[in-house]
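Read-outs: derived from the displayed coordinates by stated rules, not from any lab. From a predicted model like this one, the values you see are computed outputs, not experimental measurements. Heads up, the Cβs are rebuilt from the backbone with ideal geometry, glycines too, and the neighbour counts pull from every protein chain shown.
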Ligand code: DX5
Ligand code: ZN
């Protein structure tokens, strides 16, 4: 599977989100961070806002739900028009049922792990998933420093995904920048969220292209 760059709008201008999304036409998906002030100590937006964004975005949406009681709310984001919906395993009561509900509602199902959550116990769930998200910061805020301690878990997850043999993407999120993306790609990630790196750049779409170039170069070296 090729490299995908999925910029986060968390550090974009929230007063002009439609225009901000239009600045990254080269992105594969637009990553939307939904936070509820319970699962994480920050609050962003909900399904109404996501639906409005999906209606104007030429790039499909990748919802990252950092919310409690996610079993109850995830399908709402499929109905809002998201192509991919990620729930946190730490917040899900029944991750298998939830992944199946997301898929049968018509989106790709993805499961996220906080930095301290081990991946090995979830190896048998890979058949239920289209993507696995490994957080490389504690979720909640943009602009945090990349946690190198997650790199061994990225390698283990890559081995599990390869052994599984299905088409499961391996996404990393948090502190991904031109300085850190190579390490993630070399470790086996193929899908990259970058928030502040993209939206603090003068030309966000050129930064998307640069991140893609760096990831592709490192993935070739790592292979
Ligand atoms: C953090 C969010 C990330 C965040 C990434 O909880 O899930 O998607 O926006 O931002 P940067 O790239 O600035 O770490
Ligand atoms: Zn995110």
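Is it the case, given these coordinates, that residue 126 is under 20 Å from residue 64 (Cα atoms), within 16 Å of ligand 1 (Cβ to nearest atom) and crowded, with 17+ Cβ neighbours inside 10 Å?
Answer is no for this residue.
Among (1) out of contact with any strand residue (DSSP E or B) (no Cβ under 8 Å at 6 or more places or on another chain); (2) surrounded by 19 or more Cβ atoms within 10 Å (Cβ to Cβ); (3) farther than 23 Å from residue 212 by Cβ, where does residue 12 come up short?
With respect to (1) out of contact with any strand residue (DSSP E or B) (no Cβ under 8 Å at 6 or more places or on another chain); (2) surrounded by 19 or more Cβ atoms within 10 Å (Cβ to Cβ); (3) farther than 23 Å from residue 212 by Cβ, residue 12 is out only on (3).
With respect to the numbered conditions (1) within 16 Å of ligand 1 (Cβ to nearest atom); (2) without any contact (Cβ under 8 Å) to a residue 40 or more places away in the chain; (3) over 25 Å from residue 200 (Cα atoms); (4) assigned to a helix (DSSP H, G or I), which one is the sole condition not fulfilled by residue 21?
The single condition residue 21 does not satisfy is (3).
Report yes if some residue within the range 182-189 is touching a strand residue (DSSP E or B) at 6+ places or on another chain (Cβ under 6 Å), more than 13 Å from ligand 2 (Cβ to nearest atom) and touching a residue at least 40 places away in the same chain (Cβ under 8 Å); otherwise report no.
yes
Restricting to the range 90-121, give me the number of residues that are farther than 18 Å from residue 171 by Cβ and either touching a strand residue (DSSP E or B) at 6+ places or on another chain (Cβ under 8 Å) or crowded, with 20+ Cβ neighbours inside 10 Å (or both).
The total comes to 1.
Within the range 141-157, can you find the residues that are within 12 Å of ligand 2 (Cβ to nearest atom) and in contact with a strand residue (DSSP E or B) (Cβ under 7 Å, 6 or more places away or on another chain)?
142 - this is the single residue of the range 141-157 that is within 12 Å of ligand 2 (Cβ to nearest atom) and in contact with a strand residue (DSSP E or B) (Cβ under 7 Å, 6 or more places away or on another chain).
Going by the conditions given, is residue 1 over 23 Å from residue 113 (Cβ atoms) and surrounded by fewer than 21 Cβ atoms within 10 Å (Cβ to Cβ)?
No.
Of all residues in the range 58-79, count the ones that are surrounded by fewer than 23 Cβ atoms within 10 Å (Cβ to Cβ) and at negative phi.
Looking only at that region, the number is 12.
Taking into account only those residues within the range 58-81 that are in a loop (DSSP other than H, G, I, E, B) and under 22 Å from residue 137 (Cβ atoms), which is nearest to ligand 1 (Cβ to nearest atom)?
Here the answer is 67.
Taking the range 24-55 as the region of interest, how many residues are crowded, with 18+ Cβ neighbours inside 10 Å, within 16 Å of ligand 1 (Cβ to nearest atom) and outside any loop (DSSP other than H, G, I, E, B)?
Number satisfying all stated conditions: 9.
Out of the residues in the range 175-193 that are over 9 Å from the mean Cα position of the chain (by Cα) and near ligand 1 (Cβ under 10 Å from one of its atoms), state the one that is farthest from residue 6 (Cα to Cα).
180
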